[in-house]
Amino acid sequence: MLDIKNLHVSLEEEDKQILKGVDLTVEAGKVHAIMGPNGSGKSTLSYVLSGRDGYEVTNGAASLKGEDLLDMEPEERAAAGLFLAFQYPVEIPGVGNMTFLRTAVNAQRKARGEEELSAADFLKEVRAKAKALKIDADMLKRPVNVGFSGGEKKRNEILQMAMLEPAMCILDETDSGLDVDAMKLVAEGVNALRDEGRGFLVITHYQRLLDHIKPDVVHIMANGRIVKTGGPELALEVEQNGYADILAEVA
Amino acid sequence: MANPAAKQDPLEARLAALSMPDCAGWAADARNGALGRLRAIGLPSKRDEYWKFTNPATLTQADAPGASLFKHEEPLPFAEVDRLHIVFVDGVFDAEASDDLAMEGIEIERLSDAQTRDIHWAKDLYGSLEADGQTPVDRPLAALNTAFASDGIVIRVSGQPTKPINFTYRHRDESSDVILHHVVKVEEGAKVTILENGPAAARFSKTMEVDVADNAEFHHVRTQGRDHERRAVTHMFARLGENSVFKSFTMTVNGVLTRNEAVIDIRGDNATAHIAGAAVGDKATGDFHHDDTVFITHDAVNCESRQVFKKVLRNGAEGVFQGKILVKPGAQKTDGYQLSQALLLDDDSSFQAKPELEIYADDVQCSHGSTTGAIDEEAHFYLRSRGVPADIATDLLVLAFLAESIDEIEDETLRADILDRLQAWLDRHRG
């Protein structure tokens, strides 16, 4: 599904290398988690994959279902099936949440040569999916993320994911700023989307999100590289002993 | 005025190209009074403080520069609205294209008919609000308009007519030079909506004087569009009585030069005045310079005024805002709000703003804000990351930026019509 090979990335504005050779493959149907200390390059990886400005790929490759991701515009990556749930979802005053969702859904369908969703079908679908995430009609009407609490913003991300039905979902610290109940709700939303055709990459500092979204594979990232890969037990080890032991071990 | 004598020659040249229509005594007096005001102040020039950001040369020169017609299939705005339609072609009232002027609760007459009658209610208004509006700032082009208007409509509203009145200004002749003057009197407890649209002329001067009596309401939605080379200077003079409501919205697209002045005099307690504008210009399809100049005077207690002006400028388009709120002594409990913002889609476009507050009462609430900015890159990327193509994402953010001014239109049908126009303009100017 997602193949990353020897990915090297620098900041455009300053000569600073963030990713120093990341190798990672996420198979369809699997949930991979990336854990790591602050500044290890986890968020940079998610931004580079989604096509944000400000980063320069100096070496390596990344592809989605065999298609070269790094050559595509952000909207093309989305239409190809990539989705990034933002750590800090952006507020867009003046753009209604519904308008935004519908524009996005139909733009992707159009890009894939599919028919646009009718207003009625769209409404039906969005209402059902919003209900499961406890997103009320008022939140759908309000401008995108404006005045939303931290938990509401994250649920709104998952609603977008549910509507867009991407093949590859990247969740960037989706647990940050969430209380336990909100985290459960978000995790349920994610778990509902798990199926054989879809891959997940869950980026997190803490093991607790992984109690709710059970990973198949856990990677530890440090200093711009994946330094250790294992099963779910690796997350527990981090939780108990911190990163220091693991980092010392691979150093 | 710095040196009126130096301005006399261009004024004489301009006046030589104009003639006053035959009128009854009162109307001739009003027109000659305006001509006297014009002679006293002279034509505006770039050196005048009030014209610092907009060069009036092409508005004052004797011959109007030509403007080619912009042809496209899209019907004019408000075509779907149930309205009483009044059509001008190159500034001449077209009775055949217009609806019957009779309607319950309202009296509509052509200016030339009103002004040839010896006795007419318009006597107290024609040129009178314009004359009041000359203090403290000279408005020579409005005086010129009063003196030489060749056509127009006078309206007296006594009830609540069921349909809006729609002035459509068609432009057919590439060299048309047009001066129109309307008078609207909304009597106590009456209510009216006036719509205006159409490119009007190669050079268009229009003045509207509006008297809103106690407990009366005046609503106004206007579009200025299409022809890229058209020039316009418009003046709105309004006087508000107790508990009255005045709401005006203008959408401007294209136009090499547009100057819209609004002078609102709040005289009665508990009155409300809202004035808003949304202007979009793209120099890639022709020069664009748009100037909103607003002067609101609070001379009564517990009144609210609100100005919301937004401009989207692209490829070197220019925007200007000059807005003033004057709160006179005793105008306590005034609530004044003024917002002027420009969204610059590139480094070549420019916006100049001069917001002013002058307050002589101590129990008032007045705020103003003026900002110039670019598209929010974070928001733009967020939209694209969801699959929205870059140009559509820009359009969404442009419409979001304009929303606060468009939301000033109360009527839902009219608001939707304006949004459709903006969307169509964006579709034509993508990239």
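The values are calculated or read from the model by the stated rules, or taken from the named source; none is laboratory data. Just so it is clear, the structure is predicted and the values come from calculations on it, not from any experiment. A quick note on method: Cβ atoms are made from the backbone with ideal geometry, for glycine too, and the neighbour counts reach across all protein chains shown.
Residues in segment A:15-38 that are farther than 20 Å from A:G60 by Cβ and either free of Cβ contacts under 8 Å to residues at least 12 places away in the same chain or surrounded by fewer than 22 Cβ atoms within 10 Å (Cβ to Cβ) (or both): A:A28, A:G29, A:K30, A:P37, A:N38. If you go through segment A:239-251 one residue at a time, how many are in contact with a helix residue (DSSP H, G or I) (Cβ under 8 Å, 6 or more places away or on another chain) and under 18 Å from A:L45 (Cβ atoms)? Here the count works out to 0. Residues that are of a type in the set (D, E, K, R), part of a helix (DSSP H, G or I) and farther than 17 Å from A:P166 by Cβ were ranked within segment B:369-388; the one that is nearest to the other protein chains (Cβ to nearest Cβ) is B:E378. The residue list B:L414, B:L402, B:L419 contains one member that is out of contact with any Ser or Thr (no Cβ under 8 Å at 6 or more places or on another chain), under 14 Å from B:H220 (Cα atoms) and more than 7 Å from chain A (Cβ to nearest Cβ), which is B:L414. The set of residues in segment B:223-255 being under 9 Å from the mean Cα position of the chain (by Cα) and of a type in the set (A, V, I, L, M) consists of B:V233, B:M236.
Of the strands (runs of 3 or more DSSP E) entirely within segment A:10-87, none holds at least 3 residues that are within 14 Å of another protein chain (Cβ to nearest Cβ), acidic (D, E) and over 26 Å from A:A107 (Cα atoms). The set of residues from segment A:74-98 being among the aromatic types (F, W, Y) and either modelled with pLDDT of 95 or more or buried (at least 21 other Cβ atoms within 10 Å of the Cβ) (or both) comprises A:F83, A:F86. Condition (residue is within 14 Å of another protein chain (Cβ to nearest Cβ), more than 18 Å from B:D376 (Cβ to Cβ), without any contact (Cβ under 8 Å) to a residue 12 or more places away in the chain and of a type outside the set (D, E)) applied to segment A:113-127: is it met by at least one residue? Looking through segment A:113-127, at least one residue is within 14 Å of another protein chain (Cβ to nearest Cβ), more than 18 Å from B:D376 (Cβ to Cβ), without any contact (Cβ under 8 Å) to a residue 12 or more places away in the chain and of a type outside the set (D, E). Picking from residues in segment B:234-267 that are modelled with pLDDT of 95 or more and of a type in the set (S, T, N, Q), the one that is surrounded by the fewest Cβ atoms within 10 Å (Cβ to Cβ) is B:N243. The residues on offer are B:A284, B:A342, and the sole one that is modelled with pLDDT of 95 or more and more than 17 Å from B:L240 (Cα to Cα) is B:A342. Among the residues of segment B:320-342, which ones are over 24 Å from B:G133 (Cα atoms) and either out of contact with any strand residue (DSSP E or B) (no Cβ under 8 Å at 6 or more places or on another chain) or crowded, with 24+ Cβ neighbours inside 10 Å (or both)? Correct list: B:A342 only.
Yes or no: A:G96 within 12 Å of another protein chain (Cβ to nearest Cβ) and either more than 19 Å from the chain's Cα centre (by Cα) or of a type outside the set (F, W, Y) (or both)? Answer is yes for this residue.
Pairing residues of segment B:52-63 that are over 8 Å from B:L257 (Cβ atoms) with residues that are of a type in the set (A, V, I, L, M, F, W, C) and part of a loop (DSSP other than H, G, I, E, B), at Cβ distances under 6 Å and at least 6 apart in sequence or on separate chains, gives B:T60/B:L43; B:A62/B:A17. Just one of (1) hydrophobic (A, V, I, L, M, F, W, C); (2) more than 10 Å from chain A (Cβ to nearest Cβ); (3) surrounded by fewer than 21 Cβ atoms within 10 Å (Cβ to Cβ) fails for B:I409. It is (3).
The set of residues from segment B:129-144 being farther than 14 Å from B:R39 by Cβ, crowded, with 24+ Cβ neighbours inside 10 Å and not small (G, A, S) comprises B:L129, B:E130, B:R139. Among all positions in segment A:118-130, there is no residue which is surrounded by 19 or more Cβ atoms within 10 Å (Cβ to Cβ) and not in a helix (DSSP H, G or I). Among the residues of this structure, A:E173 does not count as one that is more than 13 Å from the chain's Cα centre (by Cα) and either farther than 22 Å from A:G29 by Cβ or modelled with pLDDT under 90 (or both).
Taking the criterion of being of a type in the set (K, R) and closer than 21 Å to B:D292 by Cβ, the only residue of segment B:325-378 that qualifies is B:K354. Here B:D395 meets the list (1) crowded, with 17+ Cβ neighbours inside 10 Å; (2) facing chain A (nearest Cβ under 9 Å); (3) within 22 Å of A:Q160 (Cα to Cα) almost entirely, failing just condition (2).
For (1) under 15 Å from the mean Cα position of the chain (by Cα); (2) among the polar types (S, T, N, Q), each residue gets a yes or a no:
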position: B:T168; (1), (2): yes, yes
position: B:S176; (1), (2): no, yes
position: B:V183; (1), (2): yes, no
position: B:E187; (1), (2): no, no
position: B:E196; (1), (2): yes, no
position: B:V212; (1), (2): no, no
